[in-house]
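Asks: I have a structure I would like to understand better, so I am pasting it below and will then ask my questions one at a time.
The values are calculated or read from the model by the stated rules, or taken from the named source; none is laboratory data. Predicted model, so just to flag it, every value in this text is computed and none were measured. With ideal geometry, Cβ positions are generated from the backbone for all residues, glycine too; neighbour counts draw on all protein chains shown.
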């Protein structure tokens, strides 16, 4: 494979070699570096770990809008380079050099947040992305389209001139000393009428409603008096407090709600919360009880709300009623990820917002829809859609010392929040999750990164963790004219994005050099069920045409499915289309992990049906390090496995005899040892990912798919034994 040199882009930090040249890689026949056993997954995992702690800072282009399972740019840059570089290439050397991939097309049939697309474009490759979900397609299109900060700032200034005052007047308050102040956050609590005495019950689990993220270092917290409602300062773990207003003594840790039940403070009746709410036929009520204000001198202060605050909210309710078609009215369809909300009688998406939020979103949506430039209109619709995540009655308060708003998808489900937080929608310089702060943060960072991308390198350890430094000048800008169809995918338009079923595309046969992707799992997190929350507002603002023709992003053709057979069938169909569009000597490379045997069986079966065999597998750092579902898991998975495949027609088929101990154990044990030497702690499920990938590698080139599946099933108990031995620190022998 020839290597050529061209003038390099100017860089901010010195590179180790080729300081004035590109390293050019052209796709060719023969083994690739990603098929080498020496692929440096442990070193890449260290860099990816640094990225994972602040993904929105280190790869902001992929975080212009919410998406789920956003993979790490560090990993996909390395995969792209190694999938096209010849065997024996030094991947870590190439990783920190200005590499350019020439005359290569990279395809991602499950593009999600666009990680593959962005990393391919940075390397100068042609990039094709497709996703069945319109929200994913919309956000990636916004991420990679041509933007400049001057035009975006000018558009924002016009929006600010026209609507900011209209929004901000609904977040004003009067301090006890008579001075005006702006409200940063309003605190609400869900209420339900006691089924025994009909009195309204606040669903507090504790009187403490605000505390610092690092509470042991900053122990002061805020609690609401259960008798008079005044706000008091107490230690976060105090069990006794006396209200400074009414002198009532109470335990700050107590509240009417305990788990799934609540006890009425008036009659002491204990009742099930969800069942009681369900029987009302309406979503639960809410009571406004506290606010965090920004004083004129810049200080923050917690206060109880007043009748003037209630009157201001009622004014917003009246203003909303006067608007025509102010928000989308779309029913929430049943599903695993929506049933919990439906169980609380949230039957329509707009019910997840209060009247003041709907009023502000309506004003912004109307103004954005009037932007004449389609590029800017899409960008600011993307921004508005992104603010939805933080400005609804399913969001909550994280506390001081961090981003104050806990977004509604922290648990990957539509979980009704008993003590929701209402943020200032337009925002202040000290706001979190607001329209203005997300523009100056999320959008600005994405545009700046797209214009001048950087990579991370390990510099030194701080507090036992690797610290990263930024290296500029390695990559092409991510700013392209996106082709609307494959026939328009020509020089000058080096990206083609489409929305639809990836088992059927308009791509020419054999036109793709490498497919790099992260397929959905068969599990219970259905992205489309959650993405509808954004889709209905994008459709409301931009109109119901193209990929927004229908009110939902759900499709019967989705690969993601909790049913194993359906998942296998649909993944097989996509892999079959990948087989058609991939060159005979091309690679299919994807990241995957699963904790259940059927998850691995499905992948093996789908690959076999489509005509692919596995040539290499490498464990690698997975996703973010601070995800709530990950920390809640008993055996969290911190690793993905990179699965490298070729067409079976290009491989020598052979039957494996099932020798786990002689074949799988040494390879898996070596990878585990490499990770442990790099001081990476592995859970049992991390070891499972490594072992199962090596098992599939052996089985995937069996002459008959039925035989490989039968052997996988028959070896289940031995595989579990091997996993236990390797997790315990043995060598598997």
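Asks: Looking for something surrounded by 15 or more Cβ atoms within 10 Å (Cβ to Cβ) and farther than 25 Å from residue 353 by Cα - is there at least one such residue anywhere in region 171-186?
Replies: No - not one qualifying residue is present in region 171-186.
Asks: Of everything in region 92-117 that's under 18 Å from residue 58 (Cβ atoms) and touching a residue at least 60 places away in the same chain (Cβ under 8 Å), which residue is farthest from the chain's Cα centre (by Cα)?
Replies: In this case the residue turns out to be 96.
Asks: Moving to a separate point now. Within region 189-200, track down each residue that is closer than 29 Å to residue 433 by Cβ and either at pLDDT below 95 or crowded, with 21+ Cβ neighbours inside 10 Å (or both).
Replies: 189, 190, 192, listed by residue number.
Asks: Among helices (runs of 4 or more DSSP H) lying entirely in region 502-610, which contain 2 or more residues that are assigned by TED's automatic domain parsing to the domain that holds residue 643 and more than 18 Å from residue 112 (Cβ to Cβ)?
Replies: Output list reads 564-581, 597-610.
Asks: Now a separate question. Would you say residue 646 is crowded, with 18+ Cβ neighbours inside 10 Å and not in a helix (DSSP H, G or I)?
Replies: Details: crowded, with 18+ Cβ neighbours inside 10 Å: yes; not in a helix (DSSP H, G or I): yes.
Spelling it out, residue 646 is indeed crowded, with 18+ Cβ neighbours inside 10 Å and not in a helix (DSSP H, G or I).
Asks: Taking the condition of being surrounded by 17 or more Cβ atoms within 10 Å (Cβ to Cβ) and not in a loop (DSSP other than H, G, I, E, B), how many residues in region 706-733 meet it?
Replies: Final tally of qualifying residues: 9.
Asks: Return the only residue of 120, 127, 152 being under 27 Å from residue 573 (Cβ atoms) and either in a helix (DSSP H, G or I) or without any contact (Cβ under 8 Å) to a residue 40 or more places away in the chain (or both).
Replies: Details: 127 fails: either in a helix (DSSP H, G or I) or without any contact (Cβ under 8 Å) to a residue 40 or more places away in the chain (or both); 152 fails: under 27 Å from residue 573 (Cβ atoms).
Among 120, 127, 152, only 120 is under 27 Å from residue 573 (Cβ atoms) and either in a helix (DSSP H, G or I) or without any contact (Cβ under 8 Å) to a residue 40 or more places away in the chain (or both).
Asks: With the condition kept exactly as written, say whether any residue in region 308-326 is assigned by TED's automatic domain parsing to the domain that holds residue 217, under 27 Å from residue 139 (Cβ atoms), crowded, with 18+ Cβ neighbours inside 10 Å and touching a helix residue (DSSP H, G or I) at 6+ places or on another chain (Cβ under 9 Å). Before you say what the answer is, go through the steps one by one.
Replies: We begin by selecting, within region 308-326, every residue assigned by TED's automatic domain parsing to the domain that holds residue 217; these are 308-326.
Applying the additional criterion that residues be under 27 Å from residue 139 (Cβ atoms) yields 325-326.
Applying the additional criterion that residues be crowded, with 18+ Cβ neighbours inside 10 Å yields 326.
Filter again for touching a helix residue (DSSP H, G or I) at 6+ places or on another chain (Cβ under 9 Å), leaving 326.
Scanning region 308-326 turns up at least one residue that is assigned by TED's automatic domain parsing to the domain that holds residue 217, under 27 Å from residue 139 (Cβ atoms), crowded, with 18+ Cβ neighbours inside 10 Å and touching a helix residue (DSSP H, G or I) at 6+ places or on another chain (Cβ under 9 Å).
Asks: Can you pull out the residues in region 276-324 that are more than 30 Å from residue 264 (Cα to Cα) and in a strand (DSSP E or B)?
Replies: From region 276-324, those more than 30 Å from residue 264 (Cα to Cα) are 293-301, 315-316, 318-324; that's our starting set.
Answer for region 276-324, where residues must be more than 30 Å from residue 264 (Cα to Cα) and in a strand (DSSP E or B): 293, 294, 300, 301.
Asks: Checking the conditions here, which among 47, 79, 34 is within 25 Å of residue 145 (Cα to Cα), in contact (Cβ under 8 Å) with a residue 40 or more places away in the chain and in a helix (DSSP H, G or I)? Show your work before the answer.
Replies: Details: 47 fails: within 25 Å of residue 145 (Cα to Cα); 34 fails: within 25 Å of residue 145 (Cα to Cα).
Residue meeting the stated conditions: 79.
Asks: With respect to the numbered conditions (1) in contact (Cβ under 8 Å) with a residue 40 or more places away in the chain; (2) farther than 26 Å from residue 539 by Cβ, which one is the sole condition not fulfilled by residue 318?
Replies: Exception for residue 318: condition (1).
Asks: Restricting attention to region 330-344, does a residue exist that is without any contact (Cβ under 8 Å) to a residue 12 or more places away in the chain, farther than 30 Å from residue 147 by Cα and not in a loop (DSSP other than H, G, I, E, B)?
Replies: Initially, region 330-344 is screened for residues without any contact (Cβ under 8 Å) to a residue 12 or more places away in the chain, giving 334, 339, 342.
Those left that are additionally farther than 30 Å from residue 147 by Cα: 334, 339, 342.
Now narrow it down to the ones that are not in a loop (DSSP other than H, G, I, E, B): 339, 342.
The answer is yes; a qualifying residue exists.
Asks: Applying the selection to region 56-76, what residues are outside any loop (DSSP other than H, G, I, E, B) and crowded, with 20+ Cβ neighbours inside 10 Å? Before you say what the answer is, go through the steps one by one.
Replies: If we filter region 56-76 for residues that are outside any loop (DSSP other than H, G, I, E, B), which is where we start, we get 56-58, 60-63, 73-76.
Result: 58, 60, 61, 62, 63, 73, 74, 75, 76.
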